[in-house]
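So the structure is just underneath, and the comments pick up after that.
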Amino acid sequence: MPTYNDVLEAHFRALFSPEDEVLIRIRAGIEARGMPTITVKPEEGRFLQFLAAACGARLALEIGTLGGYSGTWIVRGLQPEGRLITLEREAERAELAREHFALAGLAERVEVLVGDAHLLLPRLTARAPLDFIFIDAEKEGYPAYLAWAAENLRPGGVLAAHNACRHGKVVEAGQQDAATEAIRAFNQRLAQDPRWIASLYPGGDGMAVAVRTNSR
Ligand code: DHB
Ligand code: MG
């Protein structure tokens with residue numbers, strides 16, 4: 001019998017991660033524009049904030065902005081002068097995210113870069129080392145994003161990746177689509193690479209989390 005269930009989820013969401021007016025408006029804004037409602041859940045957002053705060057992050061990177069919901073949680077966990085660079089392939093989403101960061105009073109602390117992350121990341125090595133990286137973009141890209149993160153996160157820096165469970169598909173043998181295979185490869189590499197101490201946060205759709213070790 002699963003220990004964590006919908007009742008406990010609702011209980012702890014209300015306890016630890018209630019959304020304020022800003023987050024409610026950001027979530028609603030994404031839905032109102034007809035964009036996919038795949039934004040992280042409040043408890044996942046709170047966990048991102050927690051991780052960013054726990055590692056004392058000053059410079060964070062997010063791959064996959066959507067409407068700025070997870071990004072807002074992340075910036076709220078950074079050090080007072082901390083900044084977030086967030087990458088979004090779709091211009092319409094990036095524009096909405098900019099509106100939402102302004103609504104949250106965070107416009108000065110967030111850079112929304114528009115384009116394919118695989119093309120933007122090589123340029124961002126100039127900004128390394130980073131303290132915190134959150135991956136929540138197209139799943140086929142996760143292994144490449146992991147390789148980049150290993151090279152550009154400081155020792156003690158934290159990585160988080162959304163959809164580590166892929167709605168349960170990672171453990172269903174019949175699921176062999178490219179996205180699920182990519183998540184499996186990502187999880188396996190993260191688990192076995194000595195450059196990471198990794199674990200899984202099982203809320204929402206599962207968040208793979210890892211600390212960058214001193215291993216080179
Ligand atoms: C889906 C959910 C996500 O959180 C995501 O990042 C991409 C896709 C989905 O449910 O399809
Ligand atoms: Mg996701």
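Using a simple spin-label model with pseudo-atoms 7 Å out from Cα toward Cβ, Leu124 and Ala147 lie 1.7 nm apart. Solvent-accessible surface of the chain, taken per residue with a 1.4 Å probe and all protein chains present: 48 Å². Using the average count of surrounding beta-carbon atoms within 10 Å as a protection proxy, the listed peptides 117-130, 90-103 rank, highest first, as 90-103, 117-130. When the solvent-accessible area of the range 83-216 is split by element, carbon and sulfur atoms take up 52 percent of it, the probe being 1.4 Å. Comparing mean-square fluctuations of Phe186, Phe16, Phe47 from a GNM of the chain with C-alpha springs under 10 Å, the top value falls on Phe16.
Model label points for Glu140 and Met35, set 7 angstrom from Cα along the Cα-to-Cβ axis, are 2.2 nm apart.
The simple spin-label model puts a point 7 Å past each Cα toward its Cβ; for Glu111 and Ala173 those points are separated by 4.8 nm.
The values are calculated or read from the model by the stated rules, or taken from the named source; none is laboratory data. Since we're looking at a predicted model, the values are computed, not measured. Heads up, the Cβs are rebuilt from the backbone with ideal geometry, glycines too, and the neighbour counts pull from every protein chain shown. Each accessible area value is taken on the protein alone, full model and side chains, heavy atoms only, with ligands, DNA and RNA left out. Shrake-Rupley method; radii C 1.70, N 1.55, O 1.52, S 1.80 Å.
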